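Asks: Once you've had a glance at the structure underneath, I'll fire off some questions.
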Amino acid sequence: MENSEKDISSLLVALLKSTNSVVESYHNAAKNVHNEPLRVFFSKAAEKHEQFVATLKSELNNRGEDATAGTTLSSDNDRFWNDFAAIIVERNEAGILKNCAKAERKSIQAYDELIQKNGMPAEFLPVLKKQRDLSQQQLDEVNNLERKYASD
């Protein structure tokens, strides 16, 4: 495998880890809120990103790479804080949304890095761009909700 292919595979693995972290953040958020509309929002967001994970795993498998990547250490720490904050600050929705936004931003950065990398197969690039755009829309929704719950 040439260096460019290795670089792309490395970036795909990093994106998979980041996207898994987003999934875990949303699942954790759904678990830690009493607000039913927010719980539903977080659950749907997790499902959307689980579809992204499946697509990324498929692409990695097609490249002969290990698609069993977990989450990143920093996201594990973020989820710990999310659990802690939810317990200590009585299910602080704004704080939980802030952590979800942070995970979403990291994922978008990983998409941007991969999309800008030369050598990405032309047939997979539109898939990445669509996932990135959907992640941006999700981030916008999270930011709007964060502002709403911060002012409550």
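Asks: Among 93, 123, which comes first, then next, by fewest other beta-carbon atoms within 10 Å?
Replies: So the residues, fewest neighbours to most, are 123, 93.
Asks: Could I ask something else about it? For the cross-link pairs 17/48; 17/98; 48/106; 6/106; 17/148, which exceed 27 Å when the distance is taken from alpha carbon to alpha carbon?
Replies: 17/148
Asks: I want the local charge near residue 127. Using Cβ-Cβ distances under 13 Å, sum +1 for each Lys or Arg and -1 for each Asp or Glu among the other residues. Mind dumping the intermediate values first?
Replies: Details: positive: 57, 129, 130, 132; negative: 59, 123, 133.
Local charge sum for residue 127: +1.
Coordinate-derived values only; no laboratory data. All values reported here derive from a predicted model rather than from experimental measurement. As a convention, Cβ positions derive from the backbone with ideal geometry for all residues, glycine included, and neighbour counts pool all protein chains shown.
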